[in-house]
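Take a look at the structure set out below.
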Amino acid sequence: QVQLVESGGGLVQPGGSLRLSCAASRSIFRNYNMGWYRQAPGKQRELVASFVSGDSTDYADSVKGRFTLSRDNAKNTVYLQMNSLKPDDTAVYYCNARLSLHELWGQGTQVTVSS
């Protein structure tokens, strides 16, 4: 059963923008801390941005000032707005939901930044 449904990836030129979406069930959205990770070829999966407690957020240093994490409580959806994209942002982006030691992952969506 798919519990996190991602959308919004694609090909964009350097300097462009994309918005990723992750829809969850109401139960997951209300009880889990949700966020985004990414994995580039040959690299480990890394945190991009996450809600850590309530509305508090944590961002990777590499995306601070360019990416914004937000959520729509009515739609049970978390968004990652990505601006000023760079080729180094190219990766598969995964939605993550975490509650204590229990984690859920989305299927991943490819983001490619290239001219």
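Structure above, values below:
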quantity	calculated
Average projection area in nm² (convex hull over Cα atoms of region 1-81, one quarter of hull surface)	6.3
Candidates A97, A74, A24, ranked by Gaussian network fluctuation over the chain, Cα under 10 Å, top entry	A74
Residue-normalised accessible area of the chain, expressed per residue, 1.4 Å probe, Å²	56
Between region 1-79 and region 92-111, the Cα center-to-center distance that results, in Å	8
Percent carbon-and-sulfur accessible area, the chain, ignoring ligands, DNA and RNA, probe 1.4 Å	44
Relative contact order computed over region 9-55 (Cα-Cα under 8 Å; 6+ residues apart), in percent	26
Percent RCO, i.e. relative contact order, over the chain, from Cα pairs under 8 Å lying at least 6 residues apart	37
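The values are calculated or read from the model by the stated rules, or taken from the named source; none is laboratory data. The structure presented is a predicted model; accordingly, all values stated were derived computationally and were not measured. Surface accessibility is based on the protein's heavy atoms, side chains included, excluding ligands, DNA and RNA. Shrake-Rupley method; radii C 1.70, N 1.55, O 1.52, S 1.80 Å.
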